[in-house]
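> Got a structure here, written out as structure tokens. Questions coming.
The values are calculated or read from the model by the stated rules, or taken from the named source; none is laboratory data. Remember, predicted model here, so these are calculated numbers, not experimental data. Quick reminder, even Gly has a Cβ in these numbers, built from the backbone with ideal geometry, and neighbours come from all protein chains shown. Each accessible area value is taken on the protein alone, full model and side chains, heavy atoms only, with ligands, DNA and RNA left out. Shrake-Rupley method; radii C 1.70, N 1.55, O 1.52, S 1.80 Å.
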Amino acid sequence: VRAQGDTYQVVADVSQFDPPDIVVTTSNCHVAIQAEKVAEDGTVCDSFTHKCQLPEDTDPLSVSCALTEAGTLVITARRR
């Protein structure tokens, strides 16, 4: 987690996954990123999991995420 002005950012490289394979959840100032690549036979051939805690002065309603064309996931949250 890094602070930039009045926002916090979490950045993750998920370029090896397709956008539908990436799930981001938030709960109690925690952010979880989960991604799985499933082979044609139904087996998981690649996975990514990252969890982090946002600082306590984060506005939980301001959390948003964006995926860049290069495959970088950027999660942004405002400070109160």
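> If you check Val10, Val74, Val31, Val23, which single one turns out to be part of a strand (DSSP E or B) and open to solvent by 70 Å² or more (accessible area, probe 1.4 Å)? Working first, answer last.
Values: Val10 fails: open to solvent by 70 Å² or more (accessible area, probe 1.4 Å); Val74 fails: open to solvent by 70 Å² or more (accessible area, probe 1.4 Å); Val31 fails: open to solvent by 70 Å² or more (accessible area, probe 1.4 Å).
Just a single option satisfies the conditions, and that option is Val23.
Per-residue answers, yes or no, for (1) at pLDDT 95 or above; (2) on the phi < 0 side of the Ramachandran plot; (3) of a type in the set (Phe, Trp, Tyr):
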residue	(1), (2), (3)
Gly5	no, no, no
Ile22	yes, yes, no
Thr43	no, yes, no
Gln53	no, yes, no
Ser62	no, yes, no
Thr68	yes, yes, no
Leu73	yes, yes, no
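> So, in the stretch 48-57, exactly how many residues are open to solvent by less than 70 Å² (accessible area, probe 1.4 Å) and over 17 Å from Asn28 (Cβ atoms)? It would help to see each step written out before you state the result.
Filtering the stretch 48-57 for residues open to solvent by less than 70 Å² (accessible area, probe 1.4 Å) gives 48, 52, 54-55, 57.
With the extra rule that they be over 17 Å from Asn28 (Cβ atoms), the set shrinks to 48.
Adding up the residues that qualify gives 1.
> Check whether at least one residue in the stretch 41-50 is among the aromatic types (Phe, Trp, Tyr) and in contact with a Leu (Cβ under 9 Å, 6 or more places away or on another chain), and report yes or no. So that I can check it myself, show each step before the final result.
The initial filter retains those residues of the stretch 41-50 that are among the aromatic types (Phe, Trp, Tyr), namely 48.
Filter once more, so that each one left must be in contact with a Leu (Cβ under 9 Å, 6 or more places away or on another chain): none.
No, the conditions are met nowhere in the stretch 41-50.
> What is the residue count in the stretch 11-32 for residues that are of a type in the set (Val, Ile, Thr) and farther than 12 Å from Leu67 by Cα? Let's see the steps before the verdict.
So in the stretch 11-32, the residues of a type in the set (Val, Ile, Thr) come out as 11, 14, 22-26, 31.
Narrowing further to those that are farther than 12 Å from Leu67 by Cα: 25-26, 31.
Result for the stretch 11-32: 3.
> So in the stretch 34-44, with the set limited to residues that are of a type in the set (A, V, I, L, M, F, W, C) and open to solvent by less than 70 Å² (accessible area, probe 1.4 Å), which one is nearest to Thr72 (Cα to Cα)?
Within the stretch 34-44, the subset of a type in the set (A, V, I, L, M, F, W, C) is 35, 38-39, 44.
Next, from what is left, pick out any that are open to solvent by less than 70 Å² (accessible area, probe 1.4 Å): 35, 39.
Details: Ala35: 13, Ala39: 22 Å.
Here the residue is Ala35.
> Could I ask something else about it? Under 8 Å between Cβ atoms, at least 6 apart or on separate chains: pull out the pairs that start in the stretch 35-62 with a residue that is more than 17 Å from Asp18 (Cα to Cα) and end on any residue that is of a type in the set (A, V, I, L, M) and in a loop (DSSP other than H, G, I, E, B).
Qualifying pairs under 8 Å: Cys52/Val1; Gln53/Val1; Leu54/Val1; Leu54/Val63; Pro55/Val1.
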